[in-house]
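What follows is calculated from the coordinates using simple rules that are stated; it is not laboratory data. Please read all numbers here as calculations on a predicted model, not as lab measurements. Every residue, glycine as well, gets a Cβ built from its backbone with ideal geometry; the counts of neighbours run over all protein chains shown.
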């Protein structure tokens, strides 16, 4: 909390080059890009960072193969290049993974035609990934015996990428990078109104924890509020060329279905695409695609039946998956970008893609970011940087590369030190990854700090939360650097504990209260009770 309190005290001091409203992926990369290139930046979010849409994704960084069907080839090319760029620059966090797509008899496209589409997709990605493969029913049965091939024509295999960890963790690492380069960021701070006066934006903000209100001054205002961009623009009187429509997506987390590290892709009975995605000891099944009017959504019984019925029909399970097998649920909206037509009605939402649009009001130095997805995040940061420069705001280090993991030599030195102290000997028996790899992936250069702590006191390598493989020193690091205000921030976003453990198991996990005492000190019991007494959410 000390980091957050210190940052809040700085928010009403001086004039920032830019204030960013929203700490989801668009706001996070905007902050990282501008801070890295020398701008003075403030970032606020009325929830936790990545606390809404950005914590509900499929954990995929994919090029949008489905957009081939709508002939949006420029978008497919752009997303494939962006996916490749992420794989190159985040080798421990964004990794190539194979998709095995099974095609049912009577599907609207022949399997051979789809396989050719896979080759086109591969070509759009400049041949960066492994080549596609055409698969017979026998091939699929040998590769994944769990797939029911009785009503299939075969399938094909192709590559995309996925986030090895958690989507919200990936987003927070951009926020942390921005803070390392001077950004003043704070979660649970809400913009309650903004006006432009004398060439400066005056944003009224409220700390939702203390109730304190204050004014943040900035030369430019960047609205990166995700699905709430339109709401904030109404509050400030901004008129934009774009707006959002919403599509709800639901994922169910169940016990691990297959030992193989690949994604199984199917087309549901209604033609919608859904996946079986590996998540360590768990499997993530989804997603749905349902038009909704509000950003606030929940998992319905109909959603659960749809996903479970479709997956049970397509897999050879010892027993069908039921609601009792669901360990956790994810539910969120995809903000889809549209323009408003002359009659005030948006075009058919089914034709909308996940591309982003950025609207600039040059006269008021106001930027609105619409849509977008994790795959395209680096482009968003670069585009926002260019727009800030076009407003006459100087970026002293405009050519600085603001994204990516540290230089490979840093990782080599970390791994060398880890081997010397036999760090992997501390790996928890239930872990699915060596400790040295996990610490680097989650903390990169800060992992060297953890090595020093463990070297000085080996007890710091103790697994504090049983079943979650979290070390005592990680909790200490999170307290200092990760601005954790509520227990949900830690369990759901800085980690994915709430996604892989049932609520009752988390509550009774040995060491959880110890972790709370480290994170929240004398507020430990309050935060514990607050989390476990709340209504069930996704």
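Classification of the range 410-450 by its C-alpha gyration tensor yields an oblate form. The axis ratio a/c (a ≥ b ≥ c) is 1.5 or more, and b/c is at least a/b.
What relative contact order, as a whole-number percentage, does the chain give when Cα pairs under 8 Å and 6 or more residues apart are counted?
Values: 1038 pairs, mean separation 100.6, N = 538.
Averaging sequence separation for qualifying contacts and normalising by length gives 19 percent for the chain.
Remark: spin-label model distance residue 410-residue 141 equals 5.1 nm, labels positioned 7 Å along the Cα→Cβ axis.
Over the chain, dividing the summed -39,500 (n - 2.57) contributions of all DSSP H runs of at least 4 residues by the number of residues returns a 222 nm mean residue ellipticity of -10000 deg cm²/dmol. Taking a ≥ b ≥ c as the square roots of the Cα gyration tensor eigenvalues, with a/c under 1.5 meaning rounded and otherwise prolate when a/b beats b/c, else oblate, which class fits the range 408-532? Prolate shape, in that a/c is at least 1.5 and a/b is the bigger ratio.
Please give the contour-minus-distance gain from residue 239 to residue 503: 0.36 nm per residue of separation, less the Cα-Cα distance, rounded to one decimal in nm.
Working: separation 264, 0.36 × 264 = 95.04 nm, distance 4.36 nm.
The span from residue 239 to residue 503 would gain 90.7 nm if fully extended.
Taking all Cα pairs closer than 8 Å and separated by 6 or more residues, the relative contact order of the range 420-513 comes to 21 percent. Expressed to the nearest 5 percent, the antiparallel share of DSSP beta bridges inside the chain is 75 percent.
On a full-extension model of 0.36 nm per residue, what is the gain between residue 420 and residue 394, subtracting their alpha-carbon distance, rounded to one decimal in nm?
Numbers: separation 26, 0.36 × 26 = 9.36 nm, distance 4.57 nm.
So the extension gain works out to 4.8 nm.
Would you mind giving the three semi-axes, in whole Å and largest first, of the ellipsoid equivalent to the range 179-284 according to its Cα gyration tensor? Let's see the in-between values first.
Working: eigenvalues 342, 79, 32 Å².
Sorted largest first and rounded, they come to 41, 20, 13 Å.
Considering all alpha-carbon pairs of the range 288-441, what whole percent are spaced by more than 21 angstrom? When all Cα pairs of the range 288-441 are counted, 72 percent exceed 21 Å.
Could you compute the FRET efficiency for residue 430 and residue 92, with r as their C-beta to C-beta distance and R0 at 25 Å, rounded to 0.05?
About 0.75, to the nearest 0.05.
For the chain, the extents of the C-alpha atoms along the principal axes are 69, 65, 47 Å, listed from largest to smallest.
Rounded to the nearest 0.05, what FRET efficiency is calculated for residue 466 and residue 401 with R0 set to 41 Å and r the Cβ-Cβ distance? Can you show the working numbers first?
Values: r = 40 Å, r/R0 = 0.98.
It comes out at approximately 0.55.
Express in nm, to one decimal, how much length is gained between residue 13 and residue 71 on full extension, taking 0.36 nm for each residue of separation and deducting their alpha carbon distance.
On the way: separation 58, 0.36 × 58 = 20.88 nm, distance 4.97 nm.
Answer, rounded to one decimal: 15.9 nm.
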